[in-house]
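Some notes on the structure that comes next.
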Amino acid sequence: MLPYDKTDPASIEAYAKGLTGKTFRQVLEESRYLDFAVKDSKIDYSNPNQKGKLGNLLEEKYFGYKANSDQEADFPEAGVELKVTCYDVLKNGSISAGERLVLTMISYEGPVEKDFYKSHVWEKCRRILLVYYERDKKLAYNTLYKITFADMVSPARQDMPIIVQDYNRIIQKMEAGKADELSESDTLYLGACTKGATAASSMRPQFYPPYTPARKRAFCFKRQYMDYILHTYIMPGRTTYEPLIRDAEELAGRTFEEVITSRVARHYGASDKELCDLYGREYNNNKAQWYDLAYRMLGIRGNHAEEFQKANVAVKVIRLEENNTIKESMSFPPFKSKELAAQTWEESDVFRYFDETRFLFVIFKKAGDVYCLHKCQFWNMPYRDLNETVRDGWERVKERIINGVSFHISPTKTGHIIHNNLPAKKDNRIIHVRPHAAKSAYKLDGFVSGNIDRDADELPSGEYMTRQSFWINNSYLLEQLEV
């Protein structure tokens, strides 16, 4: 007999709370004395290369039902889905959701379900028993991870209009025969993540013409949305967010994107000086000024917009010159060369960033001595741009780092200039690498310059060069703008 009522969500949750404070190994060891635990399982729960095995362990050894991939809820009589997921403790002591939450596989074998509330996705996410564990990668076995929370979670009412819009956007792409172009950055909270170890092994023919093979994918709550759930429901009080949508009626008949862009559009043509006066902000003509104005126009005072945090939307201000050019390329966080050299493309920081991030471009255009608000638009990198052009540029950088970056030191009147053979901006239509640090620093054979600890990055060769980052070419950015 089960120690909980499988028809009652409250009973299931109360029993689940008995997991708190235990490691997965403890659960496994204690299951030897439980009559209802599955005894004949052939699953290797400790296999770190197979995701989901820790969840299988709890299903079979704690809750007493055989692990399966059925599309109905795990506790069908109660309408409860069990999901086991992790969080990481960062170096600064803060916590972060460790992964997206996979809900159910996307099927290419038949027509899509157009009604979200009749879909398997809704069945899997309307009532989730969410079990969190701390992922400590220093531990030898994942069964040593400790379970810290077990709570019943449902998507918040204010999130549902956006989740439904995300679902519709995904199935519309599938109906158009473009499942091969799906990307997590297409949507806000509900994503379509890839499944399968490699692209080649996970290709499936689409149901809709032109029947182009597409990657196996699953509906998921995106990692950033899970981060919001972690901080809001599981560990409340850690972060303060400001909502952009305070009344769900704003989304009636309009998409989230339409609501947001309309707020900025009201100010088209206004100069940055006029906007500073409007919002009572000092005009100081620095970079922070335009970002501050962008958030003020959206209706919040800080830069932690609730919906943007959940959806991983990055606000980027772009300044056009009077001749419709962009002076500067757009920089992204610096990379560590030794880590980049060890990554595969789909594990790389570059791929994950552009595959998961959506951007809100707020565009100002120079007019004499001021910049006037010109346009705003949501944008995510097109699938083929990312997986063909950007991938090629990234792989060339990786190859150069692995094979050894060469340097040439040229003396000048004031010191020296150091040239390297990393691919240049002209070598790729979309991305290039260049220094990210404000000051240069090198530690080469017989040559040391600058603050190595602060500004340099170690190469696989053991040499150090100025910390580098990827940049989006200004010419490519201009191509993407709807101006």
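List of remarks:
- Mean separation of Cα pairs under 8 Å and 6 or more residues apart, divided by the residue count, gives the chain a relative contact order of 11 percent.
- Estimated purely from DSSP H runs of n ≥ 4, each contributing -39500 (n - 2.57), the mean residue ellipticity at 222 nm for the chain is -7000 deg cm²/dmol once divided by its residues.
- Rounded D (µm²/s) - region 350-483, Kirkwood Rh over Cα pairs, Stokes-Einstein at 20 °C, 1.002 mPa s: 124
- Within straight-line reach of residue 118, meaning a Cα separation under 19 Å, sit the following aspartates and glutamates at least 8 residues removed in sequence or on another chain: 70, 72, 74, 77, 81, 109, 159, 166, 175.
- Basic side chains Lys and Arg get +1 at the Cβ, acidic Asp and Glu get -1 at the Cβ, and with that the dipole of region 9-234 about its Cα centre reaches some 580 debye.
- Isotropically averaged projected area of the chain, using the convex hull of Cα atoms (one quarter of hull area), nm²: 27.2
- Here residue 443 is the anchor, and the lysines within straight C-alpha reach of less than 19 Å, apart from those fewer than 8 places off in the same chain, are 336, 338.
- Remark: spin-label model distance residue 113-residue 258 equals 2.6 nm, labels positioned 7 Å along the Cα→Cβ axis.
- Environment charge at residue 450 (Cβ cut-off 11 Å; Lys +1, Arg +1, Asp -1, Glu -1): +2
- With 31 Å as the limit, the listed pairs 222/398; 83/178; 138/316; 22/124; 124/173; 42/137 have 138/316 beyond it between alpha carbons.
- Alpha-carbon gyration tensor eigenvalues x 5, square-rooted, for region 1-88, Å: 19, 15, 14
- Share antiparallel - DSSP beta bridges, region 9-234, percent rounded to 5: 75
- Cα radius of gyration and Dmax for region 417-483 (Å): 14.6, 51
Readers should treat all values here as calculations from the given coordinates under stated rules, not as data from a laboratory. Keep in mind that this is a model prediction, so the values were computed, not measured. Cβ atoms come from the backbone with ideal geometry, glycine included; neighbour counts cover every protein chain shown.
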